[in-house]
Amino acid sequence: MPPRTNAAAPSLSASTGWRSTRTTTSLREMRLVQMAHGGLGFKQTWTPAEMFSLAIRNGRRATGAPGSGELGPGNPADYVVIDLDRLDRDRIMPVDPMALLFARGNASLVKEVVVAGKTIVRDGVCSGVDLPAIERELRALYRTGVGKLANFQRIWPPLSDRLSGWFEQQLTCQ
């Protein structure tokens, strides 16, 4: 296996705002990268803690966010508070919380999100944002634009059938 480098590390932006789908998607992407590049069997290329650190650092770099993602004097105060009691709800034996985050992490575990020193999410609720109003506005935009998709809607059924057949052929065990 080639040596690991930060350039090939995953990217997770911890400072570009919060949405539950973004948090869950970021965790899924980190899991996929860990599965693809984390080593084979029990031989790890990156530990979950290294993967998480690289994801935040590269995510900040990719979005142009300042700092390295480390909490410290003078650094941007961007962080996420995870409910570790819920993350390790069955607590049978001691387990690295970072390993559990990779295995079980999802947006429902987010207790608080702080960006630039300001709390923007508390107990899963965005502060200062009328989420139902935003969702209504987006649905109205989608409903208005759906008429422009008539050609796509017409060709989708046969395309879907052909694609599903192709995937079934590729994923066979024969």
### Query
Please identify the GluC sites (Glu not before Pro) of the range 52-154 that satisfy two criteria: DSSP loop assignment and at most 12 other Cβ atoms within 10 Å. Which are they?
Glu70
### Query
With the radius of gyration and the Kirkwood radius both derived from the Cα set of the range 40-99, what is their ratio Rg to Rh?
1.06
### Summary
Hull surface over four for the Cα convex hull of the range 71-174, reported in nm², is 13.3
### Query
Once the Cβ-Cβ distance between Cys126 and Trp166 is put in as r, and R0 is 35 Å, what FRET efficiency do you end up with, to the nearest 0.05?
0.30
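A short reminder: the numbers here are calculations on the coordinates, not readings from a lab. None of these values were measured; they are calculated from a predicted model. Please note: Cβ atoms are built from the backbone with ideal geometry, for glycine as well, and neighbour counts cover all protein chains shown.
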